[in-house]
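Here's the structure we're looking at; comments come further down.
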Amino acid sequence: MTDADVQIPMQSVEEARTLLGPLDSNARLIRELHGVSVLARDGSLRLLGDAERVLTVQQVLEDCLATMRGGRSFTTQDVAARLRGGGNGEAVETERVDRAVRGAGGHSVKARTPGQQRYLDAIAEHEVVFGVGPAGTGKTYLAVAKAIEALKRGDARRLVLVRPAVEAGEKLGFLPGDFQAKIDPYLRPMYDALQDLLDSRTRTRWLESDVVEVCPLAYMRGRTLNRSFVILDEAQNTTVPQMLMFLTRLGEGSRMVVTGDPSQTDLPHNVRSGLGDAVRRLRGVEGIEIVELDARDVVRHPVVSRIVTAYDADQGR
């Protein structure tokens, strides 16, 4: 093993802050993923460690610097995403990661990891896509962004956001209000994504005119959805019959995206999850693509990725 000591000159303190992250969170991430130490010294970042690993980190950081110096918006979270994408010595696919999805109102959403880009590509190329992975990997957010893009281009006439209203430790009957008020908390994450991706006027107009429909899974029975972009969120909380019912709602000119995290099911222990069952049955079926994301694709706070990794490691014990 050959050690290396490499310095990357910084043009400003802000560049160093963006690369290192708040409280040096990205420096810790580099050490955890690559075993490379990062020190800020005399206007430079100093990389210490195995020569091959140092070279990998150097390439990622210099690519991030080139992006920032090119005038494009770039954040600490973007740096962390590229570091995770480049984990285990793999090169970051910068050209693919930079492609953006345009939502209404000029809002731009882009993949931050190679895994997320594969997910976006799959949605563009297949009628049915399963996005499977832990919290924070952008499964729902990116699917909603693609749906808004399809609405804007006229490829779809409406967006249908679906979620199973499964009780996670709380009983629906104890919540105040009528049935709609009781199920609204289960649908809130879908509304949150719309709020981020659409300006308030467009969001209100689309919801009131049913261009965008947000509904619980139970409301899907008996329907056929044509020219629609349909997203089923939290699919790990569907039963096998419910998943079959949902998938067979697919109509002419429609696309479906099914998202979920098998590790977070709220179903009773004796009930099989429709998500895991569908992934097993449908892998390799023409027109269906299954994209599996992991901790390297988490784009929330950097500690979320470490939490996911810790829980994944503990499952084997």
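The values are calculated or read from the model by the stated rules, or taken from the named source; none is laboratory data. Model, not experiment: these values are computed from the prediction. Glycine also receives a Cβ, built like all others from the backbone with ideal geometry; neighbour counts cover every protein chain displayed. The protein model used for the area step is the full one, side chains on, heavy atoms only, and it has no ligands, DNA or RNA in it. Shrake-Rupley method; radii C 1.70, N 1.55, O 1.52, S 1.80 Å.
Can you find even one residue in the range 178-199 that is at pLDDT below 75, open to solvent by 70 Å² or more (accessible area, probe 1.4 Å) and either of a type in the set (S, T, N, Q) or over 20 Å from E234 (Cβ atoms) (or both)?
Scanning the range 178-199, I find at least one residue that is at pLDDT below 75, open to solvent by 70 Å² or more (accessible area, probe 1.4 Å) and either of a type in the set (S, T, N, Q) or over 20 Å from E234 (Cβ atoms) (or both), so the answer is yes.
Determine, yes or no, whether L175 is closer than 19 Å to G138 by Cα, modelled with pLDDT under 85 and of a type in the set (A, V, I, L, M, F, W, C). The answer is no for L175.
Listed here are the residues, each with its yes/no results for (1) modelled with pLDDT under 80; (2) touching a Gly at 6+ places or on another chain (Cβ under 6 Å); (3) among the aromatic types (F, W, Y); (4) assigned to a helix (DSSP H, G or I).
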| residue | (1), (2), (3), (4) |
| --- | --- |
| T18 | no, no, no, yes |
| E32 | no, no, no, yes |
| L45 | no, no, no, no |
| E52 | no, no, no, yes |
| Q58 | no, no, no, yes |
| V92 | yes, yes, no, no |
| R96 | yes, no, no, yes |
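Within the range 242-273, can you find the residues that are open to solvent by 80 Å² or more (accessible area, probe 1.4 Å) and either at pLDDT below 95 or of a type in the set (S, T, Y) (or both)? Give the derivation first.
Pass one, the range 242-273, residues open to solvent by 80 Å² or more (accessible area, probe 1.4 Å): 244, 252, 264, 269-270, 272.
Selection gives E252, Q264, H269, N270, R272.
Going through (1) at pLDDT below 95; (2) surrounded by 14 or more Cβ atoms within 10 Å (Cβ to Cβ) one by one, R317 falls short only on (2).
Residues are listed down the side, and each one gets a yes or a no for (1) closer than 26 Å to V211 by Cβ; (2) modelled with pLDDT under 90; (3) β-branched (V, I, T); (4) outside any strand (DSSP E or B):
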residue: R118; (1), (2), (3), (4): no, no, no, yes
residue: A122; (1), (2), (3), (4): yes, no, no, yes
residue: P134; (1), (2), (3), (4): no, yes, no, yes
residue: L142; (1), (2), (3), (4): yes, no, no, yes
residue: A150; (1), (2), (3), (4): yes, yes, no, yes
residue: D155; (1), (2), (3), (4): yes, yes, no, yes
residue: L161; (1), (2), (3), (4): yes, no, no, no
residue: E167; (1), (2), (3), (4): no, yes, no, yes
